[in-house]
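Following: one structure in structure tokens, then a few remarks.
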Amino acid sequence: MNTIDRDLTLAHRLADAADAIALRHFATGCTAWRAKSDGSPVSAADEQIELALRARIQRERPGDAVLGEEFGNSGAGRRRWVIDAVDGTASFLAGEPEWSTLIALEDSGGIAAAARITRPALNWAGPSPTREVIPKPSTGTGTCHGALLVATGQLDAFLLLGAGPWDIAPLVPIIQAAGGSYDDLTVGPSTGSVSALFTNHALRHQILNASNHGF
């Protein structure tokens with residue numbers, strides 16, 4: 001097994017570990033949460049998943065760095081795991097299916113492997129959620145699911161503004177493997193906030209041209 005295959009296997013094992021923790025919290029419907037400084041929620045599941053994945057990476061890849069949404073950057077080197085423990089925490093807490101765990105491995109700045117889990121499977125025609133834990137900023141697609149709908153051909157384009165690297169890195173290889181395009185639209189000095197466009201090739205140049213004119 002070559003290095004890429006070993007890394008991808010580990011990414012899938014990390015996703016399985018995250019899955020077990022997330023579903024345990026999701027099934028109970030009573031996950032504790034608090035508001036972060038930007039007003040967005042962080043749940044106990046977010047923190048438990050990220051800590052568990054960090055511990056496993058430390059055991060199996062002790063020389064690799066880790067960047068996570070909840071606990072920041074640790075370690076140094078050309079290889080760095082990027083983790084979003086629960087992308088779509090508001091949906092997760094509300095008992096809705098629009099959430100995922102996103103995992104990627106950067107190697108010298110490029111994405112070497114990625115994995116994501118979505119549990120339970122999306123059912124857009126399903127019944128309305130019965131839990132009303134916290135208000136959601138919007139209905140419909142979340143950060144990860146907008147890009148995944150592009151990858152599956154259900155959406156032509158998805159523009160993501162003000163995202164973190166953990167929101168973007170795992171989605172890039174998924175979109176590209178599905179035949180779509182990714183463009184970094186970040187303007188000016190980077191402050192850790194990223195703007196990105198996920199789209200199909202047929203519309204990519206039209207949308208980029210529109211964005212250059214103030215879209």
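The values are calculated or read from the model by the stated rules, or taken from the named source; none is laboratory data. Just so it is clear, the model here is predicted, and its values are computed rather than measured. We place every Cβ from the backbone using ideal geometry, glycine too, and count neighbours over all the protein chains shown. Heavy atoms of the whole protein, side chains included, go into the accessibility calculation; ligands, DNA and RNA do not. Shrake-Rupley method; radii C 1.70, N 1.55, O 1.52, S 1.80 Å.
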- Task: For Trp99, Trp33, write out the residues from largest to smallest accessible area, computed with a 1.4 angstrom probe and no ligands counted.
- Result: Trp33, Trp99
- Task: Name the shape class, rounded, prolate or oblate, that the alpha-carbon gyration tensor gives for region 1-110, where a ≥ b ≥ c are the square roots of its eigenvalues, rounded holds for a/c under 1.5, and otherwise prolate holds if a/b is larger than b/c and oblate otherwise.
- Result: prolate
- Item | Rounded FRET efficiency, nearest 0.05, which uses the C-beta distance separating Val187 from Ser74 and R0 of 30 Å | 0.55
- Global geometry of region 23-72, whether rounded, prolate or oblate, following the gyration tensor of its Cα atoms and the 1.5 cut on a/c: oblate
- Task: Measure off 7 Å from each Cα along the Cα-to-Cβ vector at His201 and Arg59, then give the distance between these two points in nanometres to one decimal.
- Result: 4.3
